[in-house]
Amino acid sequence: MKINLANIKKAKMLLNKGDCIAIPTETVYGLAGNAYSEHACKKIYKLKKRPNNNPLIIHYYDTKELAKDCHFNDTFLKLYKKFCPGPITFILDLKKDSQISKIATNKKNTLAVRFPKHPVTRHLLKKLKFPLAAPSANISTKVSAVSSANVKEDFGNKISFVLEGGKSTIGLESTIIDLRNNPKILRLGGLDVTKIQKLLNKKIIVKNNPKKIFTPGQSKLHYSPGIPVRLNIKKIRKDEAYLFLKKMKKTKPNYFFLSKNGNLDEAAKNLYSTLRKIKKFKYKSIAVHKIPNKGLGKTINDRLVRASKL
Ligand code: AMP
Ligand code: MG
């Protein structure tokens, strides 16, 4: 992707003066601000209507920058070498002298950190003197944004600038792994957990539906398109949109599909944009046909289950 330097310059200028802007990442678009600035972090919560107790993921260029804010161990370095930059977020111990805003961490002594892969955002991060706090660029509890147009649908002119980066290539939020003790997955995401297990050579606990909610991405209602979603449906109701993993031979105007041939990575990429499209067509509800629970299908199903809790 060709990088527009004038856009990067503008983004840098706005972030330096404490503004929030939208940035492209390979997972979903982020609503970014200076993670060291209380003012910028407060603005992020306000724009997203995000509850204050839901801490933000902090985005770094590399581990040199991260070392100022966090302690990290060998497991982290192993995962970092293999998967970063990429769709994985680590929960680490925060250093006592870190300057990360307490608004971003909700005064926790842990930090969620990530190294996004998108070349435009990497270029920007390299030029900044601070990491970026960036939750997904959507209104809280709603479907994430995977294009600059999606961001504009949600925020209109409430945010000063959307840094263009095309459509997000993964299309699902990052996989969150807590590395403080035994590695534990807190949120399924764009990196398949079996790949993590293979690298660490052990079974990793997935705790994405705990009784006590530790991370709000685990909460039941999330990723909602704003209309009811019904899962594993063989027979649809009148006026319902019908969502399939792959394109049907015999299709109808109310049939939507996530991929041409049933490829789960392609389906992940198209999930949020398709949910947004269906809502725009004014369907009353969405019936979803069975989606296999393997690879990124697990994350797709996780998001659809939460979306169905309207
Ligand atoms: P998003 O809004 O998609 O960026 O989601 C960020 C997710 O990371 C949310 O589920 C947060 O609750 C979670 N998160 C951020 N910081 C922490 C932390 N220190 N410990 C656990 N989860 C965190
Ligand atoms: Mg989010």
Review point. How much length, in nm to one decimal, is gained on full extension between K158 and N106, taken as 0.36 nm per residue of separation minus their Cα-Cα distance?
Key: 16.3 nm
Point to revise | Proximal charge balance of I205 [Cβ under 12 Å; K/R count +1, D/E count -1] | key: +3
Practice item. As a check on your grasp of the helix formula, calculate [θ] at 222 nm for the chain: sum -39500 (n - 2.57) over DSSP H runs of n ≥ 4, divide by the residue count, round to the nearest 500. Key: -9000 deg cm²/dmol
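When ranked by the protection proxy of mean other Cβ atoms within 10 Å per residue, highest first, what sequence do the peptides 262-269, 157-164 form?
On the way: 262-269: 19.8, 157-164: 16.0.
Final packing ranking: 262-269, 157-164.
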Review point. Can you list residues whose amide H is under 5 Å from T89's amide H, if they're 5+ apart or on another chain and H is modeled 1.01 Å from N?
Key: T175, I176, I177
Exercise for review: Tabulate in residue order the Karplus-calculated ³J(HN,Hα) for the range 268-275, using 6.51 cos²θ - 1.76 cosθ + 1.60 with θ = phi - 60°, rounded to whole Hz; enter x for Gly and Pro.
Suggested key: 4, 4, 9, 4, 5, 5, 5, 4
Check your understanding: Excluding H39 itself, what net charge comes from residues whose Cβ is under 14 Å from its Cβ, given Lys and Arg +1 and Asp and Glu -1?
Key -> +3
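In debye to the nearest 20, how big a dipole does the range 39-127 give about its Cα centre with +1 on each Lys and Arg Cβ and -1 on each Asp and Glu Cβ? Please report the intermediate quantities before stating the final value.
Numbers: 21 positive and 6 negative charges, 90 e Å.
So the dipole magnitude of the range 39-127 works out to roughly 440 debye.
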Practice item. Quick one: which residues, 5 or more positions from C70 or on another chain, have an amide H under 5 Å from its amide H? H modelled 1.01 Å from N in the peptide plane, none for Pro or chain starts. Key: K95
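Considering only DSSP beta bridges where both residues belong to the chain, give the percentage that are antiparallel (nearest 5). Walk me through the intermediate numbers first.
Details: 18 of 39 bridges.
The antiparallel fraction comes to roughly 45 percent.
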Review point. Where does each of 232-238, 277-283 land if you order them by average Cβ count within 10 Å, highest first?
Key: 277-283, 232-238
Exercise for review: Work out how much length K290 to N52 would gain on full extension: take 0.36 nm times their residue separation and subtract the Cα-Cα distance, in nm to one decimal.
Suggested key: 82.1 nm
Practice item. Provide the per-residue ³J(HN,Hα) series for the range 196-204, in order, calculated from phi with Karplus coefficients 6.51, -1.76, 1.60 and θ = phi - 60°, each as a whole number of Hz, with x at glycine and proline positions. Key: 5, 4, 4, 5, 7, 6, 7, 6, 9
Revision key, fill the gap. Net charge near P85 (other residues with Cβ under 9 Å of its Cβ; Lys, Arg +1; Asp, Glu -1) is +1
Check your understanding: Got a sec to turn the phi values of the range 6-23 into Karplus ³J(HN,Hα) couplings, 6.51 cos²θ - 1.76 cosθ + 1.60 with θ = phi - 60°, whole Hz, x for Gly and Pro?
Key -> 5, 5, 5, 5, 5, 4, 4, 4, 5, 5, 4, 9, x, 7, 10, 9, 8, 10
Revision key, fill the gap. The percentage of the accessible area of the range 1-90 (probe 1.4 Å, all protein chains present) made up of carbon and sulfur atoms, to the nearest whole number, is 53
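For the range 43-182, what does the accessible surface come to per residue with a 1.4 Å probe? Please give it in Å².
It amounts to 44 Å² per residue over the range 43-182.
The values are calculated or read from the model by the stated rules, or taken from the named source; none is laboratory data. A quick note: this is a predicted structure, and the numbers were derived from the prediction, not measured. Neighbour counts run over all protein chains shown; Cβ positions are idealised from the backbone, glycine included. For accessibility, only protein heavy atoms count, side chains too; no ligands or nucleic acids. Shrake-Rupley method; radii C 1.70, N 1.55, O 1.52, S 1.80 Å.
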